[in-house]
Amino acid sequence: MIAPAHALTLLANDLEPGERVIYAVRPDIWTTIRNKIFLLWIGVPWCIAIFGLFLAGRTTWGIFIPLAMIGLAMLAAPIILAIETQYTIYAITDRRALIVRTGLRPSTVSCPFNRMDEKLEIMSAGGESGHLYFASNMSTKMRDVDYTGKLAFRDLADVQTAAAQLEAARKRQ
């Protein structure tokens, strides 16, 4: 969890006048890595196979380069996503839920309480970690929306605490 005073500093540009931060947290780096580790399981053998074929003279530069780039992207993706967690803040205020990203592609997603689903949905990612889904029928082009149109706080270390904080904030409104 991010201390409320620090959250105010980090979210100053995204808060409305008089808005109060109730809860703020960053995605958990280890949960993110654990959820994306399959890319390494695919990427390592892929790279070994492609480099092996190239060194054995079984492929040309025109085939080797694109296939090697795909393998290297699979190796880099979990690391890049883990780094991005340090530039993401999930916040619950007295008015709405916010997802603020300040990394490579800055963005802010705001979802007022009246736009949220009646019932929160928790998807466990093992142990206490998981994803907290709170709004449906959102554009699937948004980064934090899954293919069904559900908006979520992803890769939380303690998803139950975040759900309890969001539910309490909605009841206070």
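Give, rounded to the nearest 20 debye, the magnitude of the charge dipole that the range 1-172 has about its Cα centre when Lys and Arg contribute +1 at Cβ and Asp and Glu contribute -1 at Cβ. Display every interim value, and only then the final one.
Working: 18 positive and 15 negative charges, 57 e Å.
So the magnitude is around 280 debye.
Give the relative contact order (percent, whole number) for the range 1-172; include only Cα pairs under 8 Å separated by 6+ residues.
Numbers: 270 pairs, mean separation 37.9, N = 172.
Value for the range 1-172: 22 percent.
Which residue fluctuates the most in the chain, going by a Gaussian network model with Cα springs under 10 Å, if the choices are Thr108, Thr59, Thr93?
Highest fluctuation of the listed residues: Thr59.
Which of Leu72, Leu53, Thr32 sits farthest toward the positive end of the charge dipole of the range 1-124, with +1 on the Cβ of Lys and Arg and -1 on the Cβ of Asp and Glu?
Positive-most Cα among the choices belongs to Leu53.
Rounded to the nearest 20 Debye, what is the dipole magnitude of the range 1-48 about its Cα centre when Lys and Arg each give +1 and Asp and Glu each give -1 at the C-beta?
On the way: 4 positive and 4 negative charges, 56 e Å.
For this selection, approximately 280 debye.
What percentage of the solvent-accessible surface of the range 42-173, computed with a 1.4 Å probe over protein heavy atoms, is contributed by carbon and sulfur atoms? Before the final figure, lay out the partial values.
On the way: 4580 of 7280 Å².
Answer for the range 42-173 is 63 percent, counting heavy atoms of protein chains only.
Order of 24-36, 45-57, 129-141 by packing, highest average Cβ count within 10 Å first?
Values: 24-36: 18.9, 45-57: 13.2, 129-141: 17.2.
Peptide ranking by packing, descending: 24-36, 129-141, 45-57.
Once the other residues with Cβ under 14 Å from the Cβ of Val21 are scored (Lys, Arg +1; Asp, Glu -1), what is the net sum? Walk me through the numbers on the way to the answer.
On the way: positive: Arg20, Arg26, Arg95, Arg96, Arg172; negative: Asp14, Glu16, Glu19, Asp94.
Charge balance in the 14 Å sphere: +1.
Within a Cβ distance under 15 Å of Ser107, other residues only, what is the Lys/Arg minus Asp/Glu net charge? Present the calculation step by step, with values, prior to reporting the outcome.
Details: positive: Arg101, Arg105, Lys141, Arg143, Arg154; negative: Asp14, Glu84, Asp144.
Net charge in that neighbourhood comes out at +2.
Length gain on complete extension for the stretch Ala168 to Ala49, per 0.36 nm per residue less the alpha carbon to alpha carbon distance? Before the final figure, lay out the partial values.
On the way: separation 119, 0.36 × 119 = 42.84 nm, distance 5.23 nm.
Roughly 37.6 nm would be gained on extension.
Nearest 10 degrees, 0 to 90: what angle lies between the long axis of helix 38-55 and the longest principal axis of the chain (Cα atoms)?
20
Can you tell me the 0 to 90 degree angle between the C-alpha axis of helix 159-172 and the longest principal axis of the chain, rounded to 10?
Approximately 30 degrees, to the nearest 10.
In Å², what does the accessible area per residue of the chain work out to with a 1.4 Å probe?
Working: 9810 Å² over 173 residues.
Ligands and nucleic acids excluded, the figure is 57 Å² per residue.
Taking a virtual spin label 7 Å from the Cα of Ile33 along the C-beta vector, which residues in the range 82-110 bring their backbone nitrogen under 19 Å of it?
Within reach of a label on Ile33: 82-88.
How many lysine pairs are close in the chain, with Cα atoms under 20 Å apart and the two 8 or more places apart or on different chains?
4
For the Cα atoms of the chain, what angle does the longest principal axis make with the long axis of helix 61-85, in degrees from 0 to 90, nearest 10?
30
Specify, per residue and in Å³, the volume enclosed by the convex hull of the alpha carbon atoms belonging to the range 1-172.
Values: hull volume 21.8 nm³, N = 172.
Here the figure is 127 Å³ per residue.
The values are calculated or read from the model by the stated rules, or taken from the named source; none is laboratory data. Predicted model only: the values in this text are computed from it and were never measured. Here the Cβ is made from the backbone with ideal geometry for all residues, glycine too, and neighbour counts use every protein chain on show. For the accessible areas, the whole protein counts, side chains as well, though only heavy atoms, and no ligand, DNA or RNA atoms are used. Shrake-Rupley method; radii C 1.70, N 1.55, O 1.52, S 1.80 Å.
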